[in-house]
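Following: one structure in structure tokens, then a few remarks.
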Amino acid sequence: MQAVVLAAGKGTRLEPLTDDKPKALVEVDDKPLLEDVFDNLIEIGVTEFVVVVGHLKEQIIERYGDAYEDIPITYAHQREQLGLAHAILQAEPHIDDDFVLMLGDNVFRGNLGDVINRQQEERADAAFLVEEVPWEEASRYGVLDTNEYGEIVEVMEKPDEPPSNLVMTGFYTFTPAIFHACHLVQPSDRGEYELPDAIDLLIQSGRTIDAIRMDGWRIDVGYPEDRDEAEERLSDEPELAITD
């Protein structure tokens, strides 16, 4: 399976850690965020990376070249940071079939493989790894609601009044139908093409999207204190076992 990794961000909130490097190369426990993402994806059987780069992209390209641990890398260029749906569209020419989407600024230790397995079932058009957060924090994320079967029926980006405390984590699987939905998305009030709006279009078109509850943990490294928390958590975790 191919994996699209979004690594175009500036990481303004991570300053001064991003004064001279892109967000994806900020190190956590002496390893760049992007490298931790790669290792997670190799662990679950991904065979090709499509990395969406933008801010200071030359540093990423120079560091990893055309392969990481013998897994080929293709780079897609997002010249303006106009939202996740816009970023995904930059990868469209390189994707052949169902694929994994992973944000390049999250540290995961969890059941990513369960999402892959669900995607490979014929009944699922997409599957997302989701987690419960404290209600007071839900408005910081893409919030979702599910039906009695665990299917996602609604997604909202950072709502003022969240309908649930179940949020997206930054790990997804999709069919290429997501590209058509992203093309239809209109800019939000923030002037960005939002991924939850594209997902909502998939739901409205009758696609089945399953929510897989996280078994483990993840940290969205948005601020320097998040990096510190991730390092503390990783100090208690075994190294990922990456095999050729």
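Could you please let me know if residue 229 is in a helix (DSSP H, G or I), more than 17 Å from the chain's Cα centre (by Cα) and surrounded by 14 or more Cβ atoms within 10 Å (Cβ to Cβ)? Considered against the rule, which asks whether it is in a helix (DSSP H, G or I), more than 17 Å from the chain's Cα centre (by Cα) and surrounded by 14 or more Cβ atoms within 10 Å (Cβ to Cβ), residue 229 comes out as yes. May I ask you to say which residue of 207, 190 is within 15 Å of residue 98 (Cα to Cα) and part of a loop (DSSP other than H, G, I, E, B)? One residue alone meets the criteria, 207.
Can you go through 131, 121, 58, 92 and tell me which one is farther than 24 Å from residue 168 by Cα and charged (D, E, K, R)?
Only one candidate qualifies: 58.
A count restricted to the range 182-193 and to residues that are in contact with a strand residue (DSSP E or B) (Cβ under 9 Å, 6 or more places away or on another chain) and under 22 Å from residue 119 (Cβ atoms) stands at 0. Every test in (1) modelled with pLDDT under 95; (2) open to solvent by 60 Å² or more (accessible area, probe 1.4 Å) is passed by residue 63 save one, and that test is (1). Inside the range 88-124, residues that are open to solvent by 40 Å² or more (accessible area, probe 1.4 Å) and either assigned to a helix (DSSP H, G or I) or in contact with a Lys or Arg (Cβ under 8 Å, 6 or more places away or on another chain) (or both) make up a count of 7. The residue pairs whose first member lies in the range 1-19 and is closer than 16 Å to residue 170 by Cα and at pLDDT 95 or above, whose second member is buried (at least 23 other Cβ atoms within 10 Å of the Cβ) and among the basic types (Lys, Arg), and whose beta carbons are closer than 8 Å, counting only pairs six or more residues apart or on different chains, are 7/23. For the range 32-60, the candidate set comprises residues that are of a type in the set (A, V, I, L, M) and surrounded by fewer than 19 Cβ atoms within 10 Å (Cβ to Cβ); within that set, the residue that is nearest to residue 11 (Cα to Cα) is 56. The number of residues in the range 71-87 that are open to solvent by 50 Å² or more (accessible area, probe 1.4 Å) and farther than 25 Å from residue 111 by Cβ comes to 5. Kindly indicate the residue of the range 99-118 that is in contact with a helix residue (DSSP H, G or I) (Cβ under 9 Å, 6 or more places away or on another chain) and charged (D, E, K, R) and also farthest from residue 175 (Cα to Cα) among those meeting that condition. This residue is 109. Residues that are more than 26 Å from residue 44 (Cα to Cα), among the hydroxyl-bearing types (Ser, Thr, Tyr) and open to solvent by less than 50 Å² (accessible area, probe 1.4 Å) within the range 161-207 comprise 164, 188, listed in sequence order. Residue pairs whose Cβ atoms lie under 6 Å apart, separated by 6 or more positions or on different chains, with the first residue in the range 156-181 and under 20 Å from residue 116 (Cβ atoms) and touching a residue at least 12 places away in the same chain (Cβ under 8 Å) and the second not in a loop (DSSP other than H, G, I, E, B) and not hydrophobic (A, V, I, L, M, F, W, C), are 168/142; 169/131; 169/218; 170/106; 173/119; 179/92. The set of residues from the range 139-154 being closer than 9 Å to residue 167 by Cα, open to solvent by less than 40 Å² (accessible area, probe 1.4 Å) and either at pLDDT 90 or above or over 19 Å from the mean Cα position of the chain (by Cα) (or both) comprises 143, 144.
The values are calculated or read from the model by the stated rules, or taken from the named source; none is laboratory data. Note that this is a predicted model, so its numbers are computed, not measured. All Cβ positions, glycine included, derive from the backbone under ideal geometry; neighbour counts span all protein chains shown. These area figures cover heavy atoms from the full protein model, side chains too; ligands, DNA and RNA do not enter into them. Shrake-Rupley method; radii C 1.70, N 1.55, O 1.52, S 1.80 Å.
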